[in-house]
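A.B. asks: Structure below; questions to follow.
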């Protein structure tokens, strides 16, 4: 079932919650990475990567089909002379903003009552950067907040394809009708809903706080 507003979530019968990462738990701004790569000489980076579209290079990277070094080398070809690998990583990670501590606290509250999972289209550079950042700034072992984390690059599957949701359901033995997905990309929630998952499309303007308030109401 597709859900468009937190107030429409019926927590009765929900035993599992699957969280998306960027845009749900962690604030992201794709324009920051676009701007960073433009400074490095790639003036059309918005054609490479957005929330709703990735070219083949990034799609392959998100499923672990190419290495981080391969991605870096391909991007270097389009950058200004003298650009180095560190600058590539910094530009690529510029989209990853803050993680509000209240979101961490909400996940911890939910984990006392539900089985909690993370399912994200992501990649090695982003995961390593952000796990290290949270460990340093908030003293948080991010993956340990969840029963299991499912990163697209680690399992070779990506949203919005059905197979990634089917994999998670089978791997963690989840009943889709007892499972709530929270994702900020409508394509993803459409696919999940077609499989019987209670899928909340977290539209702009809504946050985990709205979901938590619905649960405790």
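Just so you know, all these numbers are worked out from the coordinates, no wet-lab data involved. Fair warning: this is a prediction, and the values are worked out from it, not measured in the lab. Cβ sites come from the backbone with ideal geometry, for glycine too, and all protein chains shown count toward neighbours.
A.B. asks: What area, in nm² and to one decimal, does the C-alpha convex hull of the range 89-174 cast on average over all directions?
C.D. replies: Values: hull surface 24.7 nm².
Quarter of the Cα hull surface area: 6.2 nm².
A.B. asks: Now for a different question. State the extension gain, in nm to one decimal, for the chain segment bounded by residue 172 and residue 144, taking 0.36 nm per residue of separation less the distance between their alpha-carbons. Walk me through the intermediate numbers first.
C.D. replies: Values: separation 28, 0.36 × 28 = 10.08 nm, distance 1.60 nm.
8.5 nm is the gain from fully extending residue 172 to residue 144.
A.B. asks: In a GNM of the chain with a 10 Å cut-off on Cα contacts, which of 22, 156, 13 has the highest mean-square fluctuation?
C.D. replies: 13
A.B. asks: Another question, if that's okay. Cut-off is 10 Å between beta-carbons; in what order do 152, 120, 68, 144 appear when sorted fewest neighbours first?
C.D. replies: Working: 152 21, 120 25, 68 18, 144 8.
The order, fewest Cβ neighbours first, is 144, 68, 152, 120.
A.B. asks: While we're here: Tilt of helix 68-78 relative to the longest C-alpha principal axis of the chain, in degrees (0 to 90, nearest 10)?
C.D. replies: That works out to roughly 50 degrees.
A.B. asks: Still on this structure: With viscosity set to 0.692 mPa s and temperature to 37 °C, compute the Stokes-Einstein D of the range 1-128, Rh being the Kirkwood radius across alpha carbon pairs; µm²/s, no decimals.
C.D. replies: Details: Rh = 16.7 Å.
Translational D for this selection: 197 µm²/s.
A.B. asks: Compute the acute angle (0 to 90°) between the alpha-carbon long axis of helix 30-39 and the principal axis of greatest extent of the alpha-carbon atoms of the chain; round to the nearest 10°.
C.D. replies: Result, in degrees: 0.
A.B. asks: Okay, moving on. Past the 12 angstrom mark, what percentage of all C-alpha to C-alpha distances in the range 75-114 do you count?
C.D. replies: On the way: 535 of 780 pairs.
Cα-Cα pairs of the range 75-114 separated by over 12 Å account for 69 percent.
A.B. asks: Using a Gaussian network model of the chain whose springs link C-alpha atoms within less than 10 Å, name the residue from 140, 42, 81 with the highest mean-square fluctuation.
C.D. replies: Sorting by GNM fluctuation, first place goes to 81.
A.B. asks: Also, I was wondering about something else. With a 10 Å cut-off between alpha carbons and a GNM built on the chain, which of 157, 119, 134 moves the most?
C.D. replies: Looking only at 157, 119, 134, the biggest GNM fluctuation is shown by 134.
A.B. asks: Based on the mean of other beta carbon atoms within 10 Å per residue, what is the order of 30-36, 183-189, most packed first?
C.D. replies: Working: 30-36: 17.3, 183-189: 20.3.
Ranking the peptides 30-36, 183-189 by packing returns 183-189, 30-36.
A.B. asks: Let me check the size of the range 30-93 from its C-alpha atoms; what are the radius of gyration and Dmax in Å?
C.D. replies: That works out to 10.9, 31 Å for Rg and Dmax.
A.B. asks: How many angstrom lie between the Cα centre of the range 1-74 and the Cα centre of the range 165-217?
C.D. replies: 17
A.B. asks: Calculate how steeply helix 101-111 sits against the longest principal axis of the alpha-carbon atoms of the chain, using the helix alpha-carbon long axis, and give the answer as 0 to 90 degrees to the nearest 10.
C.D. replies: Once rounded, the angle reads 40 degrees.
A.B. asks: Rounded to the nearest 500, what is the 222 nm mean residue ellipticity of the chain from helices alone, with -39500 (n - 2.57) per DSSP H run of 4+ residues and division by all residues?
C.D. replies: Details: 10 runs with 94 residues, N = 217.
Rounded to the nearest 500, it is -12500 deg cm²/dmol.
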